[in-house]
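Remarks on the structure that follows.
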Amino acid sequence: MLEIDKLTVFYGTEKAVNELSLKVSGEVLCLCGRNGAGKSTVLRAVAGLVEVDSGQISLHGQSVMTIPLHKRLESGIGYVPEDRKLFKEMTVRENIEVARIGVKASGRQEMDIDELLPELASLYNRKSKLLSGGQQKLVSIARAIVTSPGVLLFDELLEGLARSMMIKISDIVKKIKEEGKDILCAESSLDKAGMYADRIIWLEKGRIVATGTPAEIKRQITDAIRAK
Ligand code: ATP
C-alpha cells in the first residue's frame, strides 16, 4: 500500500502540492486535472525526485522519507516519467538491461517482461530512437517493472498515442494491477484515465477537489459546468 499524508511541495515560493493525502491499495488510482494542477509533482515526490516540504509518504506502512532520493526507486517503486527517459542510442535490450542492474544488486525477483509485453520480443535489437512513441512507452514500462516493484507510478501514459496503442497499454496496466501492484498515475484527460483507472482524484492547484470512479467524476464535472 502507498500512503501519502498531508504532502506539501513548493517550487520556490509557489505551492505546487497543498496538504494532499491519499491511499493506493490494490487499485489503479489516477490523478487528473488541468496542466499545472500538481499531478506530476505528486508522482515525482513519491519517486524521490523533488524535495518535500512537509507530509509523509509510506510504502506498506514504512516511511520512505528517510530513504535518500537516489535510492528511492530501488526501494520498491517503479516510475515511468512523462518523457520516458530512454537511452536513445541504446537498443531496447540494453535499455532494459540497465534497469536490471539494480535488481541483481538487491537479489530481488525479476518480473517476466516477455509475458506481460510480448510485443517487445521482436524489438529487442532495435535502437530506442527508432521506435514509435507507443513502442517507447512499452520499453519505459518494461524498465519500470523489471525490478518487480510493489508500487508503480505512471505519468501521462496514454498522452500522444494512437487509440489502438492506448487500448493496448490500458490492458497492460490492468494486468500489472492484477499481479498485486499498487498503481498511482497522472493523466490530464479524464477520458484517458477512464480507460484504465479504478478511481480518480481530481486536482486543482495542488488540492484534491473530487474523488470517485471515472463515471462519478465525469458526472460531477458535467453538473458543475451545467450549474455555471
Ligand atoms: P502538467 O500536466 O502540465 O505536467 P501537472 O498537473 O503535472 O501539469 P506539475 O507539473 O506538477 O503539474 O506542476 C505544478 C506547478 O508547479 C505548476 O504551476 C508548474 O508550473 C510548477 N512547476 C512544476 N515543475 C516545476 C519546476 N521544476 N520548477 C518550478 N516550478 C515548477
All conditions in (1) closer than 26 Å to S170 by Cα; (2) within 16 Å of the ligand (Cβ to nearest atom) are true of E19 except (1)
Listed by range, strands (runs of 3 or more DSSP E) wholly within the stretch 121-222 having at least 1 residues that are more than 16 Å from the ligand (Cβ to nearest atom) and touching a Cys at 6+ places or on another chain (Cβ under 8 Å) are 199-204
query = Are any of the residues in the stretch 38-58 among the β-branched types (V, I, T) and in a loop (DSSP other than H, G, I, E, B)?
reply = yes
Among the residues of the stretch 59-85, the number that are open to solvent by less than 20 Å² (accessible area, probe 1.4 Å) and more than 16 Å from the ligand (Cβ to nearest atom) is 6
Across the stretch 9-26, the tally of residues that are crowded, with 16+ Cβ neighbours inside 10 Å and within 19 Å of the chain's Cα centre (by Cα) stands at 6
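Can you name every residue in the stretch 141-151 that is closer than 28 Å to R34 by Cβ and either surrounded by fewer than 24 Cβ atoms within 10 Å (Cβ to Cβ) or without any contact (Cβ under 8 Å) to a residue 12 or more places away in the chain (or both)?
Selection gives A144, V151.
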Of those in the stretch 152-191 that are in contact with a strand residue (DSSP E or B) (Cβ under 9 Å, 6 or more places away or on another chain) and of a type in the set (K, R), the residue most open to solvent (accessible area, probe 1.4 Å) is K174
Any residue at all in the stretch 29-47 that is in contact with an Asp or Glu (Cβ under 6 Å, 6 or more places away or on another chain), open to solvent by 10 Å² or more (accessible area, probe 1.4 Å), near the ligand (Cβ under 8 Å from one of its atoms) and hydroxyl-bearing (S, T, Y)? yes
task = Check the stretch 59-67 and report whether any residue there is assigned to a loop (DSSP other than H, G, I, E, B), modelled with pLDDT of 95 or more and not polar (S, T, N, Q).
result = no
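The values are calculated or read from the model by the stated rules, or taken from the named source; none is laboratory data. From a predicted model like this one, the values you see are computed outputs, not experimental measurements. Cβ atoms come from the backbone with ideal geometry, glycine included; neighbour counts cover every protein chain shown. Remember, those area values only see protein heavy atoms, side chains included, never the ligands or the DNA or RNA. Shrake-Rupley method; radii C 1.70, N 1.55, O 1.52, S 1.80 Å.
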